[in-house]
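Data first, discussion second: the structure below is written as structure tokens.
The values are calculated or read from the model by the stated rules, or taken from the named source; none is laboratory data. Here the structure is a predicted model, which means the values were calculated and not measured. Reconstructed Cβ throughout: ideal geometry from the backbone, glycine too, with neighbour counts over all protein chains shown. For accessibility, only protein heavy atoms count, side chains too; no ligands or nucleic acids. Shrake-Rupley method; radii C 1.70, N 1.55, O 1.52, S 1.80 Å.
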Amino acid sequence: MNGRVLNQRQISQVFEDYHRAQTTFVQTISELASRSKNIEFLQQEGVMALLRPLLLDMRPNIQYMAAMALGRLAENNADLAAGVVTGDILPQVVYGLAKNGTMYRRAACYIMKSIAKHGPELAQSVVASGGAAALVMCLDSPELALREQATEALGCVARHNSQLAQSVVDAGAGPLLVFCLREPEASLKRAAVSTMADICKHSPELAQTIVDTGAVPYMAKMINSDDVRSKRQVFAALSHICKHSLILAEVVMDADVLPNMLVSMRDRDEKVAQNCAGLLREFSKHNEEMAQMVVNSGGIGATVEYLKFHRGPACVPAHMTLGYLASHSETVAAAIILAKALPSLQATLKDNEEESFVKAAAVWAIGQLAGHSSEHATAICSTDIVTIILGFTRGDAGPNSEDLRNKSRKTLKSIIDKCIYLPTLDMLLEQGPPGIKDAVILQYCKILPHDAKSRRAFVVNGGLKYIQQLDVDRGTPLWDAIEAVNACYPPDIVKYFSPGYTEQLLEKVDRFAPNRSDYEKFFQNATQGQSPQLDKSRTDMPAATA
């Protein structure tokens, strides 16, 4: 009897030692996996094969720690994330979501989030294994931490493409995400808004699906939140909704977000301010009526002020806002110029540290401002903006700026088409590339017939001589433009500046034979001091001088 009891204790001790060793092992692996520098060594030791059986352990704490270790490994390494899929671990994780306790379910959500974040292929594997439906089931749990993990995992699935986002919607996530917005927990609401943004950004249909759940009013209420990260996500989500169509933008506008958004453009958090500028851009682009609402709410002043305090990529949405607003109306474009937007745009162009796409956005906005009238173009030409943009057309911004060069050419042509400021036209005619010079000549065709001072200045500055020297095919638009300019001047003036005219004059000199009798007569008078003109000049001298 005593022997059997002793043996039973010894056997129990063996199992206790085993479980203790399991616990120590899985805890250590979980801690090591939290540091990315250890991942390669763990992978070499075959850690995935050792962790997989522990997911089926009878003790919940072992299951949980094994799942957390797998999640950390998958999060830090795409190959290990793929190993969870190819090693048939993922179906086991999804199955455990419906069977195990809350802690394991949180860890399982973490594993799927870590897998899905690495790319659309792995995210599709999560969906194919039934992960999206299992995650949506977790959204209906009373446990807030579990709902938050499930929400973040769904966002990692949805962000890659429209098909994956649609699979999340088809699993029924939309209404449950809205319920998350009604919870007091800030982190849960933030995760829900982020997931909605990841769904909305792909297509108008997906954005409409989120709008139909009634999410926009709840997002609008979160604008006044003290949680900075929540405000970032809200403005990003609203921007993704607005960008697709005028109807969706009107839904957001009707939620009365514009006043608070303009205030938040001055937020000390740069990401909040940048996302607000992005939302304002989406409002501004759709039609003139919505652009006018932005203007009436103080959107121009808020954007110009924003540009005073932000540099780099954060300026791009503000530049585009000004460009969209200016494109809709001549009056709005004039208001932007009066609001002193040009110095901010000019500062962006002058900054050598700015990336080319930032400068391209500023150049595009200037083109939208200039394209309305001569007053708009003159306001721009009175600065050195045109000179800077001309430099961009020659590649002064560097080799990797083809988009900037193209936008610069288009903007210069927009300015030239409305420009009556002759110093700028003369400078472009002298320094511009061929396409720009052609546009300048066409613009002179519009100005010279109606302005005598301009015609004189065009001759004095060498413009008339320059166009005579151009080799242009007869019958082309440029040839017609040159002929139109020539028609503004007397034929002998045009002929004087034509190529070869000097040689023609010299040939006349060569062919000219002076009259010998006249020559001898005047030569004799000159040598004898009897020039009538000279004598007359002497008799006209004052007496005192004589």
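So here's what we get for this one:
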item: Subset of the range 134-163 (residues that are within 22 Å of Ser203 (Cβ to Cβ) and hydrophobic (A, V, I, L, M, F, W, C)); result: Leu135, Val136, Ala153, Leu154, Cys156, Val157, Ala158
item: Helices (runs of 4 or more DSSP H) wholly inside the range 434-500 containing at least 3 residues that are open to solvent by less than 60 Å² (accessible area, probe 1.4 Å); result: 434-447, 452-460, 463-468, 477-486
item: Odd one out for Gly46, checked against (1) small (Gly, Ala, Ser); (2) surrounded by 17 or more Cβ atoms within 10 Å (Cβ to Cβ); (3) on the phi > 0 side of the Ramachandran plot; result: (2)
item: 1 or more residues among the hydroxyl-bearing types (Ser, Thr, Tyr) and in contact with an Asp or Glu (Cβ under 8 Å, 6 or more places away or on another chain): qualifying helices (runs of 4 or more DSSP H) within the range 157-210; result: 186-200
item: Of all residues making up the range 55-64, the number that are of a type in the set (A, V, I, L, M, F, W, C), over 16 Å from Leu90 (Cα atoms) and in a helix (DSSP H, G or I); result: 1
item: Qualifying residue in the range 317-330 (condition: within 20 Å of Gln233 (Cα to Cα), modelled with pLDDT under 95 and not in a helix (DSSP H, G or I)); result: no
item: Meets criteria (surrounded by fewer than 20 Cβ atoms within 10 Å (Cβ to Cβ), more than 19 Å from Ser114 (Cβ to Cβ) and touching a residue at least 12 places away in the same chain (Cβ under 8 Å)) for Ala186; result: yes
item: Failed condition for Lys99, given (1) surrounded by fewer than 21 Cβ atoms within 10 Å (Cβ to Cβ); (2) closer than 19 Å to Ala192 by Cβ; result: (2)
item: Flag for Gly367 being modelled with pLDDT of 90 or more and farther than 15 Å from Gly301 by Cα; result: yes
item: Filter pass, Tyr110 being of a type in the set (Phe, Trp, Tyr), open to solvent by less than 20 Å² (accessible area, probe 1.4 Å), assigned to a helix (DSSP H, G or I) and in contact (Cβ under 8 Å) with a residue 24 or more places away in the chain; result: no
item: Residue count for the range 58-88, restricted to those that are modelled with pLDDT under 80 and either aromatic (Phe, Trp, Tyr) or open to solvent by less than 20 Å² (accessible area, probe 1.4 Å) (or both); result: 0
